[in-house]
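Step one of this worksheet: look at the structure below.
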Amino acid sequence: MRKLTIIGLLLLAAAIVALLLYRSYDEVYRPLALPDDGLLLYVPSGSEASDVAELLDSLGLLESKELCMWLMERKNYRGEMVEAGKYRIAPGTSLNGLINSLRGGRDEEMIKITFHHARTLPELAGAVARYIEADSSSLAAHLKEPTTAAAFGFNAESFITMFLPDTYFMEWDSDAAAFTRRMAKEYKAFWTDERLAKAKALKLSQSEVSILASIVEAEQLLHVDERPTIAGLYLNRLRRGMKLQSDPTVIFALGDFSIRRVLTTHLTTESPYNTYRNVGLPPGPIRLPQKSSIDAVLNAEEHGYLYMCAREDFSGYHAFAKNLAEHNRNAQAYRMALNKKKIYR
C-alpha cells in the first residue's frame, strides 16, 4: 500500500511538472495578445533586460515576468545585446519570437521626422524632439553650442542654414549628435555641383543663399511661383548696394510675429536683422527656408525691379516697380486698402 502511495505521488508530481512545462512552453510560443495592427515598443537607451521585461509586463503582454526573464537569460539577451530603438511587434508574434527580434535589433523601425517651420535653433529642437528619443533641451543645448557649429564649418548665426526642411527617416534612439550628423549629410547631398556653381555665379556663399531664401519665403508664403521674381528683386538691390528693406526682417528683429502691418516706428529697431537700417544680408536666416525657396534664389528671374509691395486686392501677390515713383503709387494703394479694412498694426 505504501509503495502504491509513493508511486501515485510520483505520478502526480510528474503530471504537475508536465503541466507546468506545457504552460511555460505555451506561454513562450503562443502568439502574444496584441491589437489587430500590432504594437510599437520603445526601448530607451541604457535599458537592461529587466527594464524591457518590466516594459512588456506594463503593456500586459506577459503572464509571468519571471518566465520572460528566464527566457531572456537563456537567449543571452543582456548587456550590449539590449539595443535601444522603436520596434514593431506584429500580430502573431510569440514571446520567443519577440525576444529573438529584440536580441538582434531586427524589427527596429525607422522614425519619420518632418520639420518645416522654425525660426530659431531652439524652435527646431522642439520640432525634432517630438519624433526621436533626445529631448528638446538636450537638442537645443547641442545645437547652440558654438563648437557644434564650428565643427561643421558654420558660425552661430548661420548654423541653422544647415538644416533643410523636409521629411527624413532616422532611428528613434538618435541623440542630438546623431541628428546633427545626419542633417550635415543631407545638406552636403543637396548642395550639388550645379547648385554650388549657381551660388558662385551670384557671388553668394551657401549660407548667404539660404539667408536670402528665408527672406524671399517670408515675403511670399502663399504663391511659390512668385519667389523667383522676389529673389531677382533682392539680388538687384544687393548688387546696387541698396538696403533690402524687407518687412519680415523687421518683424524677426522685434520678435513679435503677430504684427500684420509694419509701421515707421518699427523700422528704427536696432538689430543686425533689420534690413531697413543695415546694408546687405542679415547674419542668419529669419526662418528655415524650404529647398524650393533656395532654388528660387539660385534660379532667380532677371528683371529690373527694385521695389515691391503687397497688392491692394489682398491676393497674396505683389506689385513690382522699377522706380520709386511707381512704387510709391503702389504702396499708397495698399495703405488705403489696409485702412479700409481697419488693419492698423
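Any read-out appearing in this document is the output of simple, stated calculations on the displayed coordinates, not a laboratory observation. Being a predicted model, the structure only gives us computed values, none of them experimental. Cβ sites come from the backbone with ideal geometry, for glycine too, and all protein chains shown count toward neighbours.
Plainly put, the chain has a radius of gyration that is 1.24 times its Kirkwood radius, both from alpha-carbon atoms, as the Rg/Rh ratio. Distance between the 7 Å Cα→Cβ label points at Glu270 and Ser94: 7.5 nm. Among beta bridges identified by DSSP and lying wholly in the chain, the antiparallel ones come to about 100 percent. A Förster radius of 25 Å, combined with the Cβ-Cβ distance separating Tyr42 from Arg182, puts the computed FRET efficiency at roughly 0.80.
For Asp193, Asp173, the sequence from fewest to most other C-beta atoms within 10 Å is Asp193, Asp173. In terms of the mean number of neighbouring beta-carbon atoms within 10 Å, the peptides 325-331, 131-137 order highest first as 131-137, 325-331. Taking the Cβ of His117 as the center, what net charge do the other residues with Cβ under 11 Å away carry, scoring Lys and Arg +1 and Asp and Glu -1? Spelling it out: positives minus negatives among the neighbours equals 0. Of the residues Leu59, Leu244, Leu32, the one that moves most in a GNM of the chain with alpha-carbon contacts below 10 Å is Leu59.
Using the Cβ-Cβ distance between Asp193 and Met336 with R0 = 45 Å, the FRET efficiency computed as 1/(1 + (r/R0)^6) comes to roughly 0.35.
Straightening the chain between Ser58 and Ala156 buys 30.9 nm, computed as 0.36 nm per residue apart minus the Cα-Cα spacing.
Could you tell me what % of all Cα pairs in segment 31-104 have separations over 17 Å? Result for the distance tail: 36 percent.
Here Glu80, Glu226, Glu66 are placed in order of increasing Cβ neighbour count within 10 Å, fewest first, which gives Glu80, Glu66, Glu226.
Using only alpha-carbon positions in segment 245-345, the gyration tensor eigenvalues give semi-axes of 22, 20, 14 Å once each is multiplied by 5 and square-rooted (largest first). Other residues with beta-carbon under 15 Å from the beta-carbon of Arg182 carry, at +1 per Lys or Arg and -1 per Asp or Glu, a net charge of -2. Under a 10 Å cutoff between Cα atoms, tell me which one of Ala201, Ala118, Ala140 has the largest fluctuation in the Gaussian network model of the chain. The residue with the greatest mean-square fluctuation here is Ala201.
Listed cross-link partners Lys144/Lys243; Lys291/Lys342; Lys112/Lys291 are compared with a 27 Å cut-off, the Cα-Cα value being larger for Lys144/Lys243; Lys291/Lys342. Footprinting exposure proxy ranking of Tyr42, Tyr234, fewest other C-beta atoms within 10 angstrom first, gives Tyr42, Tyr234.
For the chain, a crude dipole built from +1 on the beta carbon of Lys and Arg and -1 on the beta carbon of Asp and Glu, taken about the Cα centre, is about 1160 debye to the nearest 20.
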